[in-house]
Structures are given as C-alpha cells and as structure tokens.
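The values are calculated or read from the model by the stated rules, or taken from the named source; none is laboratory data. Since the structure is predicted, the reported quantities are computational estimates derived from the model, not experimental observations. Every residue, glycine among them, receives a Cβ derived from its backbone with ideal geometry; neighbour counts consider all protein chains shown. All accessible areas refer to the heavy atoms of the entire protein, side chains included, with ligands and DNA or RNA removed. Shrake-Rupley method; radii C 1.70, N 1.55, O 1.52, S 1.80 Å.
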Amino acid sequence: MLTSLLDNDFYKITMQNAVIKRFPYAHARYAFINRGEHAFPDGFGAELRYEVDKMASLRLSDEEKRYLEITCPYLDPTYLDFLAGFHYNPSEVIVEQQGSDLSVIIEGPWYRTILWEVPLMALISELWYRLRGVTITPDADAMIEQRAQEKIELYRRLGLKIAEFGTRRRFSSDVHDRVVGALSHHGGEAFSGTSNVLMAMHHGVKPIGTHAHEWFMFHGARFGFKMANSLALEHWVDVYRGDLGIALTDTFTSKAFYDSFDKKFAKLFDGVRHDSGDPIEFASQTIDHYERLGINPLSKTIIFSDALTPEKVERIHTFCKGRIGMAFGIGTNFTNDVGVEPMNMVIKMVEARPEGQGWLPVIKLSDVAEKNTGDPEMISLAKRILSLNGIMLSL
C-alpha cells in the first residue's frame with residue numbers, strides 16, 4: 001500500500017530537518033485519536049500491523065534524492081544524506097485492537113517518529129474501506145477525474161491558487177494519484193501543488209508545506225506556553241532563513257499567536273495558515289493585525305486549509321478579494337470525494353521528552369473546542385497562563 005518514503009506530507013520532511021538541527025535529543029509520543037468513534041472490524045489491527053512492518057523496507061531512491069536536491073535547495077546536503085540512510089523502525093509503533101476499538105501509539109526519538117503520522121493515517125483510512133468491503137463503482141475512474149476537473153476549473157475561473165492536502169484521509173493511494181493527475185492536467189496556474197512529496201514528484205508539481213501543530217506543541221512543553229509561539233517561529237527562521245515562510249496560527253489559539261506575532265515576525269513571514277474556527281473572522285483578525293503593524297495586508301497571504309469545500313472557498317474569496325492575499329489547501333474534499341463517508345480521525349503528539357527533562361504532556365488549543373487535544377489539566381493551565389478563559393467563550 002505504501003511504496004515510497006516520500007509518500008508523506010512535505011511538512012513532515014521540513015520539520016524533521018528542523019528537529020535534527022534544533023532538538024536532536026528530544027523524544028516524542030503520538031497517539032491515534034478516533035474522533036468519529038469508528039468501529040473497526042475484526043482483524044483490522046493485525047492488518048495494520050502487517051502494513052507497518054512492511055514499511056521497514058522503504059528507502060529513499062537515488063532518483064528521489066536528486067529530486068529533493070533540485071526542488072528543495074533549502075534542505076542541505078547533510079540532511080539529504082541522513083534521509084537517504086533513514087528507514088522506518090516498526091518497533092516504534094504499538095498497534096492494539098480490543099473488540100472494535102483501535103489503539104495506535106508511536107514512541108521514540110522525535111527526529112525519527114515525526115515521519116510516522118501521515119502514512120499511518122493514510123494506511124488506516126485505506127484499510128478502513130478495504131476491510132469493510134467498501135468499494136466504488138466500476139466507472140469511478142472517470143468520475144474521480146471529472147469531479148477534480150470541475151472543482152479546479154471553478155477555482156481557476158475565480159483566479160485562485162489551490163493546493164492538494166489530502167494524504168491523511170484519502171480513499172486510496174490510487175484515487176489520490178488520479179486526483180493529483182487531474183488537478184495538474186486541468187488546473188493550469190490555479191493548481192499550485194500538493195502536500196504529498198511523492199505525488200509532487202510524479203506529476204511535476206511543487207511540494208507544499210512548512211510546519212504543523214506539533215512544532216509549536218513541543219515548544220510549549222520545552223519552553224512554556226508564554227514563549228512557545230515566539231520561540232517556535234524564531235527557531236524556524238533560524239533553520240530556513242526566509243524560505244518556507246507560512247506560519248501556522250492556531251496551536252494555542254489565534255489570539256495567543258497574534259500576541260506573539262510582532263512586527264519582526266509579521267515582516268519575516270510571507271503569511272499565515274488558518275486551520276480552525278470561522279475563516280471570515282480569522283481573515284478579519286489577520287487583516288486588522290497587519291494594519292495595526294503598518295503592513296499592507298495585500299503583501300501577505302493567508303493559506304486556508306480547514307475542511308474546505310467549493311462553497312466555503314467561494315465565501316472566503318468574496319470576503320478576502322482586494323483585502324489580503326489568499327490561497328487554499330484542500331484535503332479530503334479532493335482525495336476522498338468518491339461517494340463514501342470520510343473518516344474523522346487524527347494522530348497527534350501527546351507527550352514530549354525534551355533533552356534533560358522527563359516526559360511532559362503536550363496540548364493543542366484550537367480555535368474550536370472540538371479540535372483541542374491533550375491532558376485536560378494541562379489545557380486548563382494553558383488557558384490560565386495565556387489569559388484565555390474569559391475570551392474563548394466557544395470553548
């Protein structure tokens with residue numbers, strides 16, 4: 001089911017590089033979170049274990065390494081040599097099934113375990129359909145490509161930039177490949193690329209991504225909640241020196257993020273990514289923040305990436321047009337729009353062990369309560385430290 005080390009989202013590679021450079025002794029623990037309370041069929045855990053064990057044989061090919069050297073010059077030769085020698089260690093993944101409940105825990109050095117999340121979710125999603133006998137119609141190939149074509153042509157007429165972000169909850173790797181192929185063929189300038197590095201390589205488009213919530217979550221455990229956003233941004237700039245300049249905003253709520261996103265960072269970063277909460281409220285908040293700092297919002301970009309549909313994209317476009325730059329990362333609506341119900345699940349870092357410290361819980365405070373993850377006591381502590389209790393009425 002997985003045939004390449006690059007069948008992963010790009011931000012995992014960019015974060016792995018940064019972790020090696022800044023936190024080589026850190027350890028991390030991740031857990032599967034079954035938000036949709038899905039009931040897993042008998043034998044699911046054993047089949048997932050089999051697929052995980054097979055991943056030990058994946059290696060970066062010479063062709064793949066050359067692709068990264070040419071496409072991603074900010075990934076230095078020492079990191080690419082490391083990646084060429086990297087292999088998954090299945091002992092870092094514990095898979096258990098009790099009845100219809102599935103447990104997946106990942107634990108080990110952060111610079112290694114960071115690559116597990118996305119391919120594991122892709123495996124869980126594909127096996128979820130396969131082992132339950134869920135199939136798509138015989139004429140699905142044409143339907144898949146037609147739907148992708150219709151969506152990207154709509155976005156092209158609106159003059160938008162769209163990227164595909166759907167590795168984690170795809171119906172299958174084959175559907176994913178067909179979707180990216182259709183987007184590349186029909187999208188023209190509207191299709192800016194894909195988060196999946198293997199798909200980007202195969203279809204000759206740009207790999208898209210910077211960092212994810214775990215980058216900030218670790219900083220919260222290592223340096224405290226007050227300093228987490230500032231130091232996470234600072235360390236990112238130290239590693240990439242102006243490249244990969246889109247900052248994720250909602251690990252500890254966008255309010256806490258903008259409290260730290262001062263003029264220095266606002267000028268250094270090309271823009272921000274929205275991943276939870278009302279996108280119009282977020283856009284308004286972002287525009288106001290840039291204007292208060294004396295920065296023209298039209299010189300910056302918001303990447304919207306939260307459960308986007310064509311209707312939602314059109315609403316955001318109408319509000320932002322002429323006010324701030326915008327682009328869109330669309331996931332499940334591209335790679336799992338085949339007439340079945342997508343899974344609602346995530347894999348998140350739950351604990352970290354920074355160098356010289358014991359294990360500490362990590363948390364994510366989203367702009368919507370449903371996306372919060374982590375120890376409830378630690379979440380309450382973070383809200384008090386960040387002065388959020390009286391403001392986050394929706395939480």
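Suppose only helical runs count, i.e. DSSP H with n ≥ 4. What mean residue ellipticity at 222 nm does that imply for the chain under -39500 (n - 2.57) per run, divided by all residues and rounded to the nearest 500 deg cm²/dmol?
Taking each H run of at least 4 residues, the total per residue is -13500 deg cm²/dmol.
What is the sum of charges, Lys and Arg at +1 and Asp and Glu at -1, for the other residues whose Cβ falls under 15 Å from the Cβ of Thr335?
-4
I want to check a number: in segment 305-374, how many lysine pairs have alpha carbons closer than 23 Å, given a sequence separation of 8 or more or different chains?
Within segment 305-374, the lysine pair count is 4.
Leaving ligands, DNA and RNA out of it, rank Asp76, Asp259 by accessible area with a 1.4 Å probe, largest first.
The ranking, largest first, comes out as Asp259, Asp76.
Given +1 on the Cβ of Lys and Arg, -1 on the Cβ of Asp and Glu, and no further charges, what dipole in debye does the chain carry about its Cα centre, rounded to the nearest 20?
In total the dipole reaches around 1100 debye.
Which cross-chain or sequence-distant (5 or more) residues have an amide H under 5 Å from the amide H of Asp337, H modelled 1.01 Å from N in plane?
For Asp337, no residues qualify.
Hey, if you put +1 on the Cβ of every Lys and Arg and -1 on every Asp and Glu Cβ in segment 123-236, which of Phe171, Gly187, Asn229 ends up farthest toward the positive end of that dipole?
Selected residue: Asn229.
Using a 1.4 Å probe on the protein heavy atoms, what percent of the accessible area of segment 212-259 belongs to carbon and sulfur?
47
Evaluate Rg over Rh across segment 270-395, taking Cα atoms for both radii and Kirkwood's formula for Rh.
A ratio of 1.03.
For the residue pair Ile295 and Ser103, what label-to-label distance in nm results when each label sits 7 Å from Cα along the Cα-to-beta-carbon direction?
For the pair Ile295/Ser103, the computed spacing is 4.4 nm.
Taking the Cα-to-Cβ direction at Thr137 and at Glu234 and moving 7 Å from each Cα, how far apart do the two end points lie in nm?
5.8
Of the peptides 278-288, 138-148, 167-177, how do they stack up when ordered by the mean number of other Cβ atoms within 10 Å, highest first?
Top of the packing list down: 167-177, 278-288, 138-148.
In segment 231-274, whose amide N lies under 12 Å from the spot 7 Å out along Cα-to-Cβ of Ser387? List them in ranges.
Those under the cut-off are 256, 259-260.
Considering only C-alpha atoms, what is the centroid distance from segment 89-132 to segment 12-71, in Å?
9
Starting from the exponent 0.38 and prefactor 2.2 Å, build the expected Rg for the chain from its residue count and divide its actual Cα Rg by it.
0.95
Which whole-Hz ³J(HN,Hα) couplings does segment 117-128 yield from phi under the Karplus relation 6.51 cos²θ - 1.76 cosθ + 1.60, θ = phi - 60°, glycine and proline marked x?
Result, ordered by residue: 3, 5, x, 5, 5, 4, 5, 4, 5, 5, 5, 4 Hz.
Cross-link list Lys161/Lys300; Lys161/Lys267; Lys161/Lys263: which exceed 24 angstrom alpha carbon to alpha carbon?
Where the Cα-Cα span goes over 24 Å, the pairs concerned are Lys161/Lys263.
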